[in-house]
1. Checking A34 against (1) more than 16 Å from E124 (Cβ to Cβ); (2) modelled with pLDDT of 95 or more; (3) surrounded by 10 or more Cβ atoms within 10 Å (Cβ to Cβ); (4) small (G, A, S), which test does it fail?
2. Which residue pairs have Cβ atoms under 8 Å apart, sit 6 or more places apart or on different chains, and have a first residue in segment 57-86 that is touching a residue at least 24 places away in the same chain (Cβ under 8 Å) and under 14 Å from V118 (Cβ atoms) and a second that is part of a strand (DSSP E or B) and acidic (D, E)?
3. Given N80, N23, which one is at pLDDT 95 or above and loosely packed, with under 14 Cβ neighbours inside 10 Å?
4. Within segment 93-110, which residues are surrounded by fewer than 10 Cβ atoms within 10 Å (Cβ to Cβ) and more than 23 Å from F64 (Cα to Cα)?
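The values are calculated or read from the model by the stated rules, or taken from the named source; none is laboratory data. As the structure is a computational prediction, the values presented were derived from the model and not from experiment. Heads up, the Cβs are rebuilt from the backbone with ideal geometry, glycines too, and the neighbour counts pull from every protein chain shown.
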Amino acid sequence: MLRTICIATSVALLSACAQQPMNTVDGPVTKPEAAQGQQWQWVGKTSERERLEVAQPEQYTLEFQPDGRVLARFDCNRGNGRYEIGDGTLAFGAIATTRMACLPGSLDTTLMQALDRVEGFRVEGGQLYLQLADDAGTLRFRPAP
């Protein structure tokens with residue numbers, strides 16, 4: 001009797017495991033859909049030479065539209081342009097922006113210049129990571145509330 005229960009339980013567990021996807025929510029995802037359709041707030045940049053934490057992430061946002069357009073906020077400036085995305089690859093075209101002078105200490109230019117160097121992406125642990133060319137570092141974004 002006990003053996004029958006153990007076999008039945010094992011079959012049920014194996015069956016449940018077979019129905020679960022192999023990727024976990026916390027593992028890296030490089031499919032374009034993982035980055036598209038929501039607004040991302042810039043929270044920092046990490047490289048071998050620097051670690052930058054953004055004090056007001058809601059002032060620096062990206063939103064990847066499924067049609068290949070990106071909507072951006074660079075502190076006091078707004079922008080939009082084109083992007084190309086594939087499995088783990090990402091490149092921005094020219095992004096047209098307003099040209100207001102933001103307050104001293106703004107990171108608007110820092111983010112704009114960094115986007116020109118983006119060559120890849122991944123979504124991991126609910127956050128978006130943009131990889132910069134030539135080992136220049138990684139930009140980290142969180143989902144906007």
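1. The number of the failed condition is (1).
2. Pairs that qualify, where the first residue is touching a residue at least 24 places away in the same chain (Cβ under 8 Å) and under 14 Å from V118 (Cβ atoms) and the partner is part of a strand (DSSP E or B) and acidic (D, E), are V70/E63; A72/E63.
3. On inspection, the qualifying residue turns out to be N80.
4. A101, L103, P104, G105, listed by residue number.
Residue-by-condition table, conditions (1) within 13 Å of K45 (Cβ to Cβ); (2) not hydroxyl-bearing (S, T, Y):
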site	(1), (2)
R78	no, yes
T89	no, no
C102	no, yes
L107	yes, yes
L111	yes, yes
R117	yes, yes
G137	yes, yes
R140	yes, yes
